[in-house]
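The values are calculated or read from the model by the stated rules, or taken from the named source; none is laboratory data. Source: prediction; values computed, not measured. Note that we place each Cβ from the backbone using ideal geometry, even for glycine, and neighbour counts take in every protein chain shown.
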Amino acid sequence: MNKKVFWIIGIFAVCVVGIIALTNINEKSVVIDYEGQPFIGEASAPVDIVEFGDYKCPSCKDFNESLFPVIYEELVETGKAKFYFMNYSFLAADSNIAAQFAETVYKELGDETFWDFHNLLFANQTTAAGQPNLFTDEFLEAVLTEVASSEEVEKVMLAYKNSEGIEAWKKDMKTANNLGVASTPTIFIGGKEFEGRTLDDFTKMVEKAAKSGK
């Protein structure tokens, strides 16, 4: 596939309740608090990219599996940017369960295991027959066992049962709501929402953010 044809219909379609909606954010950069957020890439990378996503969103799954690898290879691995994930869980009740569980994984086990779990959770969003999986506590625990030791799983489950991931999830939701996020995946680059259509648009926006010190 030509990587220049980046935002293709059916891949970056937005997930919304009832309607398709795109957010309109002011041209000026907004300040986003990244402290304590999971990220991948070099901490010193000059540009912050953040995805607001929902683990139940099919478009987020497509983004994670089809488009994020390109972003990672061309922008994260090269040290041009670091990539954050923040929850905007709104599609179903188990969206919130998955988000809070993932936050607990990050809190207890750190970035590396979080990203392994994050990717595996999207991979298991649906069954082999294409039906959505229900993200119960038992299901999430089973997914975690594929990327963590039994001791680590036990640690996460205890923290999760003690609601250790709720505050981080609430922080994400507050941030998303303050920014006017209304769909997933929504991407911000250097504090500005990405509304382009191609990889070239994306790269240029990262380069512009780097020059402006964002």
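Listed values, structure above:
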| quantity | calculated |
| --- | --- |
| Residues that are over 15 Å from SER29 (Cα atoms) and either β-branched (Val, Ile, Thr) or surrounded by 19 or more Cβ atoms within 10 Å (Cβ to Cβ) (or both), drawn from region 187-214 | THR198, LEU199, PHE202, THR203 |
| Any hit, region 199-210, residues being assigned to a loop (DSSP other than H, G, I, E, B), closer than 20 Å to TYR72 by Cβ and in contact with a strand residue (DSSP E or B) (Cβ under 6 Å, 6 or more places away or on another chain) | no |
| Inter-residue pairs, beta-carbon under 6 Å, first under 14 Å from GLU141 (Cβ atoms) and in region 90-102, second part of a helix (DSSP H, G or I), 6+ apart | GLN100/ILE166; GLN100/TRP169; PHE101/LEU140; PHE101/TYR160 |
| Pick from region 102-139, criterion touching a Phe, Trp or Tyr at 6+ places or on another chain (Cβ under 9 Å) and aliphatic (A, V, I, L, M), ranking: surrounded by the most Cβ atoms within 10 Å (Cβ to Cβ) | VAL105 |
| Any chance PHE90 is surrounded by 18 or more Cβ atoms within 10 Å (Cβ to Cβ), over 27 Å from GLU152 (Cβ atoms) and modelled with pLDDT of 95 or more | yes |
| When residues of region 156-179 are limited to those that are touching a helix residue (DSSP H, G or I) at 6+ places or on another chain (Cβ under 7 Å) and buried (at least 16 other Cβ atoms within 10 Å of the Cβ), the one nearest to ALA93 (Cα to Cα) | TRP169 |
| Tally, over region 46-69, of residues that are closer than 18 Å to PHE114 by Cβ and of a type in the set (Gly, Ala, Ser) | 1 |
| Pair list, Cβ < 7 Å and 6+ apart or interchain, from region 59-72 residues that are in contact (Cβ under 8 Å) with a residue 60 or more places away in the chain to residues that are part of a helix (DSSP H, G or I) and not polar (S, T, N, Q) | CYS60/PHE122; LYS61/PHE122; VAL70/LEU199 |
| Matching helices (runs of 4 or more DSSP H) fully within region 62-174 where at least 3 residues are more than 19 Å from ILE187 (Cβ to Cβ) | 93-123, 137-144, 150-161 |
| Members of region 180-214 that are in contact with a helix residue (DSSP H, G or I) (Cβ under 7 Å, 6 or more places away or on another chain) and of a type in the set (A, V, I, L, M) | ILE189, LEU199, VAL206 |
